[in-house]
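The values are calculated or read from the model by the stated rules, or taken from the named source; none is laboratory data. Bear in mind that the values here come from a model prediction, so they are computed numbers and not experimental data. Cβ placement follows ideal geometry from the backbone for every residue including glycine, while neighbour counts extend to all protein chains displayed.
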Amino acid sequence: MTVERLEFKTEVKQLLDLMIHSLYSHKEIFLRELISNASDAIDKARYESLTDSNIMEGEGEWKIRITADKKAGTVTVSDNGIGMTKDEIIKALGTIAHSGTQEFIKALQGKEIKDNPELIGQFGVGFYSSFMVSDRVTVISRKAGLKDSKTVKWESTADGSFVVEDTEKTSKGTDVILHLKENEKKYLDEWEIRNVIKKYSDYIEHPVVMDVEREKESEIDKGKKYRVKEEETLNSRKAIWLKPKSEISEEEYNEFYKHISHDFTEPSKVIHYKAEGTSEFTALLYIPSHAPFNILFKDFKIGPALYVKRVQIMDHCEELIPLYLRFVKGVVDSSDLPLNVSREILQNNRQVEIIKKNITKQVLDTLADMKRNEYEKYLQFFREFGRVLKEGIHFDFSRKETIADLLLFDSIKKQAGVYITLQEYLDNMKPGQEEIYYITGTSRDEAIKSPYLEAFKDKDIEVLIMLDEIDDIIMGGLREYRGKKIKSVIKGDVDLDRTGETLKKETKQRFEKLIDFIKERLKDEVKDVRLSGRLKDSACCLVSDEGGLDPAMEKLMKAMGQDVPSSKRILEINPVHPIFEAMNTVFGKDSRSPLLDEYIDLLYNQALLLEGSKPKDPAAFAKAVSKLMVENVKYLQG
Ligand code: ADP
């Protein structure tokens with residue numbers, strides 16, 4: 001018989017190292033993780049048995065068994081589920097399938113992990129948590145339904161490698177045997193096991209059983225006691241969502257949330273209802289109070305668990321919820337769907353569509369209600385999930401207005417941390433103001449100081465501050481709110497004075513030749529040069545077209561490897577800035593003065609700096625500024 005020794009992948013080594021050496025609290029979750037894996041394995045087997053009767057191998061009942069062997073110092077979690085082949089076990093227990101593993105390990109390496117063990121749960125490190133309490137772990141598994149399938153034995157002491165070899169096992173499924181560490185022997189205790197299961201696995205649908213010794217009185221020889229072993233089911237297996245609301249306490253709701261979400265903190269909101277009519281289903285949904293670290297990752301598991309008549313079909317059904325509500329956790333139990341419903345059926349199913357629509361409405365209504373009646377709580381929600389909710393503006397056209405009503409905004413007129421709604425913005429608009437203005441940026445401080453806001457501040461017009469990289473797309477998608485156009489202050493033309501063309505014409509004429517000259521000098525850099533309606537103190541700035549990308553968005557898309565057409569910007573100059581008067585005078589006297597070229601380049605580079613870009617030639621720019629400074633000092637010195 002051959003024994004193969006294999007190396008763990010690097011990320012597994014790092015993870016194991018961290019779990020063994022830096023996690024001290026909530027070690028008992030290892031049992032929850034193993035039971036959850038066992039339950040998944042049974043679900044898979046049950047699902048396959050619907051189309052392949054061999055899977056059952058004559059067994060009637062799905063079961064998860066816990067065995068504590070005090071003499072050997074081992075706890076074993078066994079299931080009669082799908083099992084694993086040798087190849088499968090090498091892959092499943094030697095690598096980590098999740099993307100975002102590196103981010104997770106980083107978070108784990110940070111100090112905060114010791115106080116935030118829920119990170120572990122969110123990531124679902126599952127199986128590897130066994131090494132928090134064991135020196136050695138042995139897994140024995142046989143794939144269900146394959147008549148002559150071999151049994152594989154996997155074993156590791158978490159020393160960087162594991163071994164696999166063939167072995168024998170008559171029944172299908174998997175045994176995970178934990179050789180407990182000397183100071184973790186408490187998990188051999190029946191009472192301890194019972195407690196941990198009650199706490200974390202009570203709602204598992206399949207029975208979790210353990211043989212317990214009972215003292216019994218002899219029937220024949222009264223008074224004489226003897227000990228018997230009896231199988232006891234440790235979990236209540238109750239489908240809490242099917243109980244009437246009035247019979248469920250807040251604690252029960254919260255415990256169930258923790259069970260399904262692997263979150264250690266209380267949820268922010270519970271939504272529990274039964275729908276009747278076109279579609280019959282029960283939904284128990286939760287809005288968490290904290291965003292999981294990986295909510296923006298691609299492989300974040302989306303959607304509530306789907307049950308059909310109490311039987312779990314899948315633990316995350318993304319067809320049941322729109323992407324922008326992916327923070328919602330919970331359970332949906334349908335009476336209309338078939339038990340052997342497949343992914344393909346789910347994707348084009350009318351019932352599923354109805355449920356999704358219904359859930360979406362319920363969640364959005366709940367949020368609106370929270371915003372109205374529990375503002376502090378809503379604020380907390382929005383800080384955590386506003387970034388995700390916003391996506392709905394872009395993706396759910398029909399509910400654009402409803403979602404817009406739920407958004408909160410930072411504003412240049414408010415202190416940091418105080419938010420307003422779009423309706424409040426409308427209520428505070430200046431007489432005659434026709435548009436809703438926003439500025440995008442990377443920090444609040446930077447945005448507030450932006451030269452693009454000068455004219456707005458001067459006229460006391462409110463501007464919303466938006467700091468998420470997707471904001472420009474979101475606001476572009478919203479277009480307008482209650483009849484008022486939404487406009488970025490860094491794009492397109494701004495004419496707050498409504499001076500129209502008449503006043504401008506006069507100034508325009510005065511600067512016309514100079515503007516043409518600047519245009520010619522910068523013809524490779526900018527698309528146009530024009531007088532600005534948004535500047536007050538600064539000399540000039542760069543803007544994009546109304547429909548163009550803002551610089552932040554352009555950078556983001558380039559960073560994501562997208563082919564962004566490099567669009568030229570428009571240089572806006574401030575006609576009331578003394579520099580242009582001066583330049584105009586110089587230009588009038590000598591249109592070929594080298595000073596003009598020098599100044600135009602300096603001004604253009606300044607404008608680049610102001611929009612957050614680099615000067616075209618930083619060295620030349622620095623040189624030119626220094627030269628000016630020297631000249632200025634000379635002048636001062638007389
Ligand atoms: P996760 O469960 O989040 O995928 P784990 O590390 O807990 O991560 O498990 C890794 C994989 O190992 C599982 O996805 C599954 O394929 C396999 N596995 C673990 N336990 C069992 C089991 N009891 N029966 C069958 N497969 C299992």
Is it the case that region 403-417 has a residue that's surrounded by fewer than 18 Cβ atoms within 10 Å (Cβ to Cβ) and under 30 Å from K329 (Cβ atoms)?
yes
Looking only at region 151-162, how many residues end up being touching a residue at least 40 places away in the same chain (Cβ under 8 Å) and more than 14 Å from the ligand (Cβ to nearest atom)?
2
Within region 304-355, restricting attention to residues that are under 18 Å from V388 (Cα atoms) and out of contact with any Pro (no Cβ under 8 Å at 6 or more places or on another chain), which residue is surrounded by the fewest Cβ atoms within 10 Å (Cβ to Cβ)?
L323
Just checking, does region 196-210 include any residue being part of a strand (DSSP E or B), away from the ligand (no atom under 16 Å from the Cβ) and under 18 Å from V77 (Cβ atoms)?
yes
Verdict on K487 being at pLDDT below 95 and assigned to a strand (DSSP E or B):
yes
Among (1) assigned to a helix (DSSP H, G or I); (2) surrounded by fewer than 16 Cβ atoms within 10 Å (Cβ to Cβ); (3) touching a residue at least 12 places away in the same chain (Cβ under 8 Å) - the single one E512 does not satisfy:
(3)
State yes or no: is I448 surrounded by 13 or more Cβ atoms within 10 Å (Cβ to Cβ) and out of contact with any strand residue (DSSP E or B) (no Cβ under 6 Å at 6 or more places or on another chain)?
yes
Expected output for region 127-142 (first residue assigned by TED's automatic domain parsing to the domain that holds G160, partner within 11 Å of the ligand (Cβ to nearest atom) and of a type outside the set (A, V, I, L, M, F, W, C), Cβ below 6 Å, 6+ apart or cross-chain) is S129/E33; V137/S130; I140/D175; S141/G83; S141/T174; R142/G83; R142/K172
Exception for W191 within (1) out of contact with any Gly (no Cβ under 7 Å at 6 or more places or on another chain); (2) part of a strand (DSSP E or B) falls at (2)
Taking region 127-175 as the search range and keeping residues that are in contact with a Ser or Thr (Cβ under 7 Å, 6 or more places away or on another chain) and β-branched (V, I, T), which one is surrounded by the most Cβ atoms within 10 Å (Cβ to Cβ)?
T174
List, please: which pairs have Cβ atoms under 9 Å, are six or more places apart or on different chains, and start with a residue in region 30-47 that is of a type in the set (D, E) and outside any helix (DSSP H, G or I) and end with one that is at pLDDT 95 or above and within 8 Å of the ligand (Cβ to nearest atom)?
none
Answer residue from region 58-98, given it is in a loop (DSSP other than H, G, I, E, B), farther than 22 Å from E168 by Cβ and within 13 Å of the ligand (Cβ to nearest atom) and is modelled with the lowest pLDDT among those
H98
With free of Cβ contacts under 8 Å to residues at least 12 places away in the same chain and charged (D, E, K, R) as the only criterion, which of E572, E581, E525 stands out?
E581
How many residues does region 163-192 contain that are more than 16 Å from the ligand (Cβ to nearest atom), under 23 Å from E230 (Cα atoms) and acidic (D, E)?
3
Name the strands (runs of 3 or more DSSP E) wholly within region 222-303 that hold at least 2 residues that are surrounded by fewer than 17 Cβ atoms within 10 Å (Cβ to Cβ)?
225-233, 269-275
Those helices (runs of 4 or more DSSP H) lying entirely in region 376-466 with at least 1 residues within 30 Å of R326 (Cα to Cα) and not assigned by TED's automatic domain parsing to the domain that holds S268:
391-395, 400-406, 422-427, 444-449
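Each row is one residue, and each column tells you yes or no for (1) of a type in the set (K, R); (2) touching a helix residue (DSSP H, G or I) at 6+ places or on another chain (Cβ under 9 Å).
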site	(1), (2)
K523	yes, no
K527	yes, no
S532	no, yes
K536	yes, yes
E546	no, no
D550	no, yes
M560	no, no
P565	no, no
N574	no, yes
Only one of S36, S25 is closer than 30 Å to F264 by Cα and within 9 Å of the ligand (Cβ to nearest atom); which?
S36
From L628, L596, L522, grab the single residue that is surrounded by fewer than 17 Cβ atoms within 10 Å (Cβ to Cβ), farther than 27 Å from R479 by Cβ and out of contact with any Ser or Thr (no Cβ under 7 Å at 6 or more places or on another chain).
L628
Quick one: in region 157-182, which of the residues that are part of a loop (DSSP other than H, G, I, E, B) and β-branched (V, I, T) is farthest from N80 (Cα to Cα)?
T157
Restricting region 1-49 to residues that are under 30 Å from K199 (Cα atoms) and among the aromatic types (F, W, Y), the residue that is surrounded by the most Cβ atoms within 10 Å (Cβ to Cβ):
F30
Working carefully through the options L346, L306, L337, find the one that is assigned to a loop (DSSP other than H, G, I, E, B) and aliphatic (A, V, I, L, M).
L337
